[in-house]
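Participant: Have a look at this one before I ask anything.
What follows is calculated from the coordinates using simple rules that are stated; it is not laboratory data. Since the structure is predicted, the reported quantities are computational estimates derived from the model, not experimental observations. With ideal geometry, Cβ positions are generated from the backbone for all residues, glycine too; neighbour counts draw on all protein chains shown.
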Number of protein chains: 2
Amino acid sequence: MLREALPFGSTLGPLLLTRLRLGTLQDTPDADAGGLGAEPAVPEEVAEKAPSSQLRQLAHRHCGVSALRCVLSCMPQQMVVWDEAFFQGRKKEFTAECYDVRECGFQTVRSFKIESGAWAGFEHVGFQGQQFVLERGEYPRWEAWGGRHAYHVERMSSFRPIACANHRDSKMTVFEWENFLGRKGELSDDYPSLPAMGWGSSAVSSFRAHSGAWVCSQFPGYRGFQYILECDRHAGEYKHFREWGSHVQTSQVQSIRRIQQ
Amino acid sequence: MLREALPFGSTLGPLLLTRLRLGTLQDTPDADAGGLGAEPAVPEEVAEKAPSSQLRQLAHRHCGVSALRCVLSCMPQQMVVWDEAFFQGRKKEFTAECYDVRECGFQTVRSFKIESGAWAGFEHVGFQGQQFVLERGEYPRWEAWGGRHAYHVERMSSFRPIACANHRDSKMTVFEWENFLGRKGELSDDYPSLPAMGWGSSAVSSFRAHSGAWVCSQFPGYRGFQYILECDRHAGEYKHFREWGSHVQTSQVQSIRRIQQ
């Protein structure tokens, strides 16, 4: 096993605890600190004392999901959108949900960057239609990204931040049948193929998200329709596929993973 | 943390060791053993003694990658394809690579099931063009699965098995610049967003796959073009993006994960 190493990073932000726990990206002595926008590393003892991380842990431990959501809503979550591809044209920064991009003067969103946090994008206004998990990174062309050929989505019309738990604390139960009945499986990791892990079906009929935010997908390898399941929405209970979202037509689910913040 | 629990499964096959190590899917006392094709659980001590698993471990430990590949090539890898959607029409089973589906009497492959192993699918004959990781599960419609709108691929023309390492043993180094230069990061996990893990760029310029098979993707969340990187091809060394595949146009890489077998 590789030793648990310190990732790149200098901001004592809310992401850091998750990054440290997850991270095996290694800053090396021969690294060029000025290259490709990488930042100098932060000593672990400093990072662990980041106030937002402590607050997050304490809130989760002592006050439960509601407090965690409150803390998360106070933490920086930033998304920058443009109305042309490759980060050109009209630009706007968001730190909270957008119910309808047209109300912000956008006919369409053609490119965007997730600067911090994890976000959910939606096909229609009011967080309806196809769902897309948007994790930190650059999305230069909607056409290259938005939906499969058979499910193509012309535009992203609304979006909102997602409240994630620390990866290690994420837990979900999947059930064979609706209403939390039948055979079940307890998840706390990422599963690019549920059948490969022993789930004897290409469907999951109900979910109980105990902590964290998850994305499940129709096909193995996180492909096809995506459904975002969050512990602090629906009280974490999704007892029938009609509750996963307005676009869901079947209970076909073959891959599931935690959403990264 | 959830306890490490026994996954479903009865076959003492090559997948079992990986599944046991990875798995937290839990067989529960109230589970219906007859439901949804799930099978009765196997005691861990029996599963650990599965000859193929032992052979695989020994081959990897003592003989290196070549022996491992030999062992893997002797292990069952099965893919079933149909020329119509939803598993209809002409059907054929494969346990080894297919250089050109037309030579097997298929004008096109419209649906398929991966019964065991992990496979790579390709846009063109001879393992050329866009690459698709195919993990265990069902793929009922190519149109719903094959490529993004802007990169749509009409058909899958060739495919071959992928030799994967055990997830825990998978290791890769990513480099900022071509020819294994510049800042580097050592990976042994799945990374839905490299930027969120502290990689200060939306690109990776060269890779060294020490063990296992990996898939890296253009966008966060395993989206966009996929590039399959294997420790036993190119000697695991991919020093420029032109070596990742015939369809690669940029070094944009924002998510990376191990391929599951």
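Participant: Setting aside same-chain residues fewer than 8 positions from A:Lys91, which lysines have a Cα under 30 Å from its Cα?
Facilitator: Straight-line reach from A:Lys91, under 30 Å: A:Lys113.
Participant: Oh, and also: In nm, one decimal, shortest first: how far is the label point of A:Arg102 (7 Å from Cα along Cα to beta carbon) from the matching points in the other copies?
Facilitator: 4.7
Participant: Using the Karplus curve 6.51 cos²θ - 1.76 cosθ + 1.60 with θ = phi - 60°, work out ³J(HN,Hα) for each residue of the range A:81-87 in order, rounded to whole Hz, and write x for Gly and Pro.
Facilitator: For the range A:81-87, the Karplus-derived couplings read 10, 10, 8, 10, 5, 6, 6 Hz, x marking Gly and Pro.
Participant: Defining the label point at 7 Å along Cα→Cβ, can you sort the distances from B:Val80 to the same site in each other copy, shortest first, in nm?
Facilitator: Label-point distances to the other copies, shortest first: 5.1 nm.
Participant: Still on this structure, please answer the following. Residues with amide H under 5 Å of A:Val204's amide H, sequence separation 5 or more or different chain, H placed in the peptide plane at 1.01 Å from N; which?
Facilitator: A:Val253
Participant: Then there is this: Net charge around A:Phe127, counting only other residues with Cβ within less than 11 Å of its Cβ (Lys, Arg = +1; Asp, Glu = -1)?
Facilitator: Residues near A:Phe127 contribute -1 overall.
Participant: Sticking with this structure for a sec: If you plug each phi of the range B:244-261 into the Karplus form 6.51 cos²θ - 1.76 cosθ + 1.60 with θ = phi - 60°, what whole-Hz ³J(HN,Hα) values come out, in order, with x for Gly and Pro?
Facilitator: Whole-Hz 3J(HN,Hα) from phi for the range B:244-261: 7, x, 6, 9, 7, 10, 9, 9, 5, 9, 10, 8, 9, 8, 6, 8, 9, 10.
Participant: For the range B:170-227, count the residues as N, evaluate 2.2 N^0.38 Å, and divide the Cα radius of gyration by that value, please.
Facilitator: In units of the 2.2 N^0.38 Å rule of thumb, it is 1.04.
Participant: Mind listing the phi-derived Karplus ³J(HN,Hα) values for the range A:98-105, rounded to whole Hz, using 6.51, -1.76 and 1.60 with θ = phi - 60°, and x for any glycine or proline?
Facilitator: Values per residue, Gly and Pro as x: 10, 6, 7, 5, 5, 6, 9, x Hz.
Participant: Considering amide H positions built from the backbone, and no H for Pro or chain starts, which residues 5 or more places from B:Asn166, or on another chain, come under 5 Å of its amide H?
Facilitator: none
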